[in-house]
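Below: the structure, in structure tokens.
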Amino acid sequence: MSDQVIIFDTTLRDGEQALSASLSVREKLQIALALDRLGVDVMEAGFPVSSPGDFESVKTIAQNLKHAIPCGLSRAVEGDIDACAQSLSVAERFRIHTFISTSTIHVEQKLKRSFDQVLEMGTKAVQYARKFTDDVEFSCEDAGRTPIDNLCRMVEAAIKAGATTVNIPDTVGYTIPSEFGGIIQTLYNKVPNIDQAVISVHCHNDLGLAVANSTAAVLHGARQIECTINGIGERAGNCSLEEVAMILNTRKDLFNVTTNINTKEIYHTSRLVSQLCNMPVQPNKAIVGANAFSHSSGIHQDGMLKAKNTYEIITPESIGKSTNDLNMTSRSGRHVIKHRMGVLGYTEDDYDLSELYASFVKLADRKGQVFDYDLEALLYFNQQQMDKQHYQLSYLAAVSGTDETATSGVKLKVGDEIISGSALGNGPVDATYRAILSILDLDVEVVDYAIGAKTGGEDAQAQTDIVVKYKGKKYRGMGLSTDIVEASAQALIHVLNLTYRADQIELQKQAKQNEQSSK
Ligand code: KIV
Ligand code: ZN
């Protein structure tokens, strides 16, 4: 058996499907490139049949990966498999991942079929997918609750039909490590052709056991782990990539396996995913939490000063976490910014130095000292602004007080025109939102609003994240400023630009359809 565990990343599929609003194609590509640098072996980039946006992002990612094998998800039906093949065939090598439920609960209540029918659908799907690629993965959804004899039959049939990887998901996170390891062991004992495929696991975290179950499976012969950065995913999430990678690395003595993960890219990738997905990482999260390397108790600090290995089993440097937050001020030159970005793991392809430097100087003038985390925040914000903006905020003045009704006056640049408006509101943010929306007369509903200190200290930058509903779809926007009302206004302007772009795309589509029907 190979001593290499394949890391199959599903941040952009299982992880992304659980977000409150979808990522844009550019955001997905940014994450995909970071995952590629991290060293994941297979990257599930999306579910191409699910929407034109997903199709487009899978295709874009497949075109741009340098190392990882791109993969798309499909149900066990031909239309889904066709969409996978069409979006992925831009790459030299690709994987089609097809799945069907095998547990009695799912087969009878969700699919309303017999197990034998499901077995036939699964095998046919694998055979069909093999027409497009010789890298086909088959998943037995809800395998953790599937009667073991049925699971053995399904795995054997899928391998016979041509599956090169067979995945055993604990879809609802129900099993415990000894039980899940036992399922993998039984497959190895009972399925006669098991040596012809890689056995994979895909564990959800409903009982907090996704990582423990995945690593138990490795001890029993599984050689692919499906996981996501920061453990994001459906409900309580998926198995966390950074945790399994560091477990296999740190406890090599026990597992005797390797992965292709470049652990020094872990911290940067985790920050990027957290930021773009608007999913904060809990401070005490293993490996990437803010406190993962902080020692508070006097006894621990004393031990650390005498010998680090008294209380530290992995180092911050091993995951690429810099312990040196170099202070930068408005007197710092461009080379300092470039150097710090390099230390944080960014290459020059990731950002425009002139643009970043210009926003850095502005922030340094307002804030005095700028830290690494400020630079990262600026980078993300600049990228949000990169596309040509139809709406721009050119002036904002909001007034509020304990005995006063808040008022806000705004000027917006709309195309080439400047339009102003003002409104009263329940606080300065509400007044500003009313003023902006009264100018534009758009039917936009703000369904989620969150504000947090993006960076440290009293002079921190505020980050506002909002989700709006527009024409039945959700859009997510982000604003960043040392002023919370301005950050909130920027988030709304960001989201309005997204809705504007969506309207433009729709108009172009309709024009094309009209042109075709008039021919
Ligand atoms: O959780 C699950 O079972 C899945 C499958 C599609 C692999 O995500
Ligand atoms: Zn899943």
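The values are calculated or read from the model by the stated rules, or taken from the named source; none is laboratory data. Predicted, not measured: the structure shown is a model, and the values here were computed from it. Quick reminder, even Gly has a Cβ in these numbers, built from the backbone with ideal geometry, and neighbours come from all protein chains shown. These accessible areas exclude ligands, DNA and RNA; they are computed on the full protein's heavy atoms, side chains included. Shrake-Rupley method; radii C 1.70, N 1.55, O 1.52, S 1.80 Å.
For the stretch 213-231, give me each residue that is more than 18 Å from Ser139 (Cα to Cα) and either surrounded by fewer than 22 Cβ atoms within 10 Å (Cβ to Cβ) or near ligand 2 (Cβ under 10 Å from one of its atoms) (or both). Residues satisfying the conditions are Leu219, His220. Every residue in the stretch 309-359 that is assigned to a helix (DSSP H, G or I), under 25 Å from Lys285 (Cα atoms) and more than 27 Å from the chain's Cα centre (by Cα), please. Result: Asn309, Thr310. For the stretch 71-79, check the following and say yes or no: at least one residue is at pLDDT 95 or above, within 14 Å of ligand 1 (Cβ to nearest atom) and among the acidic types (Asp, Glu). Checked against the condition, which is being at pLDDT 95 or above, within 14 Å of ligand 1 (Cβ to nearest atom) and among the acidic types (Asp, Glu), the stretch 71-79 yields no hits at all.
A residue that is surrounded by 15 or more Cβ atoms within 10 Å (Cβ to Cβ) and at positive phi occurs somewhere in the stretch 330-347. Residues that are open to solvent by less than 90 Å² (accessible area, probe 1.4 Å) and within 22 Å of Val414 (Cβ to Cβ) number at least 3 in the following strands (runs of 3 or more DSSP E) confined to the stretch 440-519: 462-470, 473-481. Hey, among the residues in the stretch 241-259 that are part of a helix (DSSP H, G or I) and charged (D, E, K, R), which one's farthest from Thr464 (Cα to Cα)? So, considering only residues that are part of a helix (DSSP H, G or I) and charged (D, E, K, R), the one farthest from Thr464 (Cα to Cα) is Asp253. Scanning the stretch 35-50 for residues that are within 16 Å of ligand 1 (Cβ to nearest atom), open to solvent by 10 Å² or more (accessible area, probe 1.4 Å) and in contact with a Phe, Trp or Tyr (Cβ under 8 Å, 6 or more places away or on another chain) yields one hit, Val49. The residues in the stretch 1-10 that are within 15 Å of ligand 1 (Cβ to nearest atom) and in contact with a Gly (Cβ under 8 Å, 6 or more places away or on another chain) can be counted, and the count is 1.
The strands (runs of 3 or more DSSP E) found entirely in the stretch 129-238 that carry 1 or more residues being touching a Phe, Trp or Tyr at 6+ places or on another chain (Cβ under 6 Å), at pLDDT 95 or above and within 16 Å of ligand 1 (Cβ to nearest atom) are 136-141, 165-170, 224-227. Checked against the criteria, Asn238 counts as buried (at least 19 other Cβ atoms within 10 Å of the Cβ) and touching a strand residue (DSSP E or B) at 6+ places or on another chain (Cβ under 6 Å).
Of the set (1) more than 20 Å from Ala129 (Cβ to Cβ); (2) touching a helix residue (DSSP H, G or I) at 6+ places or on another chain (Cβ under 6 Å); (3) open to solvent by 10 Å² or more (accessible area, probe 1.4 Å), all apply to Ala32 but (3).
For the criterion of being open to solvent by 50 Å² or more (accessible area, probe 1.4 Å), under 23 Å from Val281 (Cβ atoms) and away from ligand 1 (no atom under 16 Å from the Cβ), Ile247 passes. Leu209 meets all of the listed conditions (1) within 15 Å of ligand 2 (Cβ to nearest atom); (2) within 18 Å of Ser139 (Cα to Cα) but one, namely (2).
What do you reckon, is Gly162 touching a Leu at 6+ places or on another chain (Cβ under 8 Å) and open to solvent by less than 20 Å² (accessible area, probe 1.4 Å)? So Gly162 fails the test. Across the stretch 260-308, the number of residues qualifying as surrounded by 14 or more Cβ atoms within 10 Å (Cβ to Cβ) and assigned to a helix (DSSP H, G or I) comes to 18. Per the listing Arg26, Arg13, the residue uniquely within 21 Å of Thr133 (Cα to Cα), touching a residue at least 40 places away in the same chain (Cβ under 8 Å) and either more than 16 Å from ligand 1 (Cβ to nearest atom) or open to solvent by 10 Å² or more (accessible area, probe 1.4 Å) (or both) is Arg13.
Residues are listed down the side, and each one gets a yes or a no for (1) farther than 18 Å from Pro280 by Cα; (2) more than 16 Å from ligand 2 (Cβ to nearest atom); (3) not aliphatic (A, V, I, L, M):
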| residue | (1), (2), (3) |
| --- | --- |
| Met1 | yes, yes, no |
| Val5 | yes, yes, no |
| Thr10 | yes, no, yes |
| Ala18 | no, no, no |
| Ile31 | no, yes, no |
| Leu38 | yes, yes, no |
| Met43 | yes, no, no |
| Ser51 | yes, yes, yes |
